[in-house]
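The structure appears right after this line, and notes come after that.
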Amino acid sequence: MSGVEAGATIVGLVGYGLTSLKTFYQFISNVKDGPEKVQDLANNLKSLQAAYERIQALGDLPGIFASSPSLTDLLKDCNENIERLQEKIGKLQVQPSDKFPGVVWKRLKMALNDDEIAQDLSILSSYVNKFTLEISVIELRLVHQNAGHMSQLVAGGERQMTMAKQQHTMLASREVGIGKLSSRPRDSKVFSFVKSGEKQELVRLLASGEASLQDRDDKGATLLHYAFEQPAMCQYLIEHGADVDDVASVGHLLEVNAWEPKEMLATPTFLASRASNECTFEMLILAGADLTIESEQVWERPFHHGKRIEYHSLWQSVLFNRRREGRFCTLIKHCAIFIDVNMELEEGRTSLHYLVYQIRRAGWTSEDDRRSLICLIQNGADIHSRDDAGSSIWDAAKKNNKQGSYARDMWDFVLAYCGFHSEVEVFARETPRHAVYRPGWYSRADFEEIWKGMEHLCPYYGDEASGLDCASFISETPSSSRRPSISDSSTGLE
């Protein structure tokens, strides 16, 4: 079978298998009250689905499956087993009546007994392991196309998987010399297309053999170095094995200042930070970029602990424009090793100062603000930090009146949630809270929603009803005629 025929066969098998897997997973995942092994079955189906989708993505590269004959047989075998399970269970349709507890689980038990479920769980687990090995081998070929001996690893098993991981580590390390990889003139089309973000043109060059993902220019810069201003291109290269920590000469990719060396060495992450491209910068960090790598003569660990950094504006932008649970908190956790959440930015302010001063219920919800503040505190942010002027986080909360008393209320709630109830009480005694609401923006109902379930920890929860909060009022004039977005306003404390 030719490489083209093999590729076409695999694409067809993957497409067919994905349809079955998605249907099967949808059914199994609706079993809410079954035993633990049913949940394990659903997890394995989800892992298989992810493996199929990864193989489907790899199919964009020309000839990638030509040297993986066992993958075709593995896909056929797996698809046959999925079909077998489908025949046992039936059409796998979740009916409206299935919303009642136990219905889906009873339907599953009618088709598969406990021993069969355990057996199928073992079979699916085996397929997950086999596909993981196959994908590892294929991706290793992407890293180093001349690694012909990798085909010996396809047989499967624990020993082969260990060898694959060791090979991947070896090939991905920067010990691989530039001379062993493809070098092209810097005016080659491949670099031009990557720099301008023309993904389809890059794929065309790869398909025709006019370029490869391992190409470097005559200065050693990789395709990922050229993609530092193109998030979509950057993501594509990362997904196809690009080394996020590759160090190369990049002076020709930047507008170098007079005092900087012409031949500076740097990583793609440095280039993204230098260009203040927050999307690419974040993407590289989440892909595992090592922020402790020092770029020669230009980047001396800007994120190390306790020092103010030249790139504070970019860091602020990344943090505060990514206030979503899956992005903000993930970013903080990835950076915990390299970035001190208490590092002083301009005028001695910390990340907590900026975030508390900026929160404003963007998107008509307080969830993003709540999660972001809790995430910072749980990762070690100092609630008692002060800036150069002596202003505390509480001062920032008081000065943030964009949504009335919302910032103060949210800050107090987060502190109580994180176990700092006594601090909330002390501050309430020293600086009484006065409710300020704005129609359509922040209301008493919103306040109650914030404290729901923790009302007993709010020292002023009943003050308005009892008349103790005599200064409470409703502002009829919002600070802006339009609903603000997260990116609005300066980050300085007024």
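Let's see how each residue does on (1) of a type in the set (A, V, I, L, M, F, W, C); (2) modelled with pLDDT of 75 or more; (3) in contact with a helix residue (DSSP H, G or I) (Cβ under 8 Å, 6 or more places away or on another chain); (4) at positive phi:
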| residue | (1), (2), (3), (4) |
| --- | --- |
| Ser20 | no, yes, yes, no |
| Val31 | yes, no, yes, no |
| Gln39 | no, yes, no, no |
| Asn81 | no, yes, yes, no |
Residue within the range 83-93 that is modelled with pLDDT of 65 or more, farther than 30 Å from Leu206 by Cα and surrounded by 19 or more Cβ atoms within 10 Å (Cβ to Cβ) present: yes
Cross-chain or 6+ apart pairs with Cβ under 7 Å, the range 179-206 first and over 24 Å from Leu58 (Cβ atoms), then of a type in the set (Asp, Glu) and modelled with pLDDT under 90: Ser183/Asp218; Pro185/Asp218; Arg186/Asp218
Sole residue being within 18 Å of Glu367 (Cα to Cα), exposed (fewer than 13 other Cβ atoms within 10 Å of the Cβ) and either at pLDDT below 85 or touching a Lys or Arg at 6+ places or on another chain (Cβ under 9 Å) (or both), chosen from Ser490, Ser405, Ser480, Ser485: Ser485
Elements of type helices (runs of 4 or more DSSP H) contained in the range 181-251, each with 3 or more residues being more than 19 Å from Leu271 (Cβ to Cβ) and among the aliphatic types (A, V, I, L, M): 199-208
Output for the range 41-70, where each listed residue is modelled with pLDDT of 80 or more, among the polar types (S, T, N, Q) and more than 27 Å from Gln200 (Cβ to Cβ): Asn43, Asn44, Ser47
One residue from Arg429, Arg444 being surrounded by fewer than 17 Cβ atoms within 10 Å (Cβ to Cβ), charged (D, E, K, R) and farther than 21 Å from Ser366 by Cα: Arg429
Considering residues of the range 378-399 that are outside any strand (DSSP E or B) and touching a strand residue (DSSP E or B) at 6+ places or on another chain (Cβ under 8 Å) only, the residue surrounded by the fewest Cβ atoms within 10 Å (Cβ to Cβ): His384
Residues being surrounded by 18 or more Cβ atoms within 10 Å (Cβ to Cβ) and not in a loop (DSSP other than H, G, I, E, B) - total across the range 24-41: 6
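The values are calculated or read from the model by the stated rules, or taken from the named source; none is laboratory data. This is a predicted model, so every value here is computed, not measured. We place every Cβ from the backbone using ideal geometry, glycine too, and count neighbours over all the protein chains shown.
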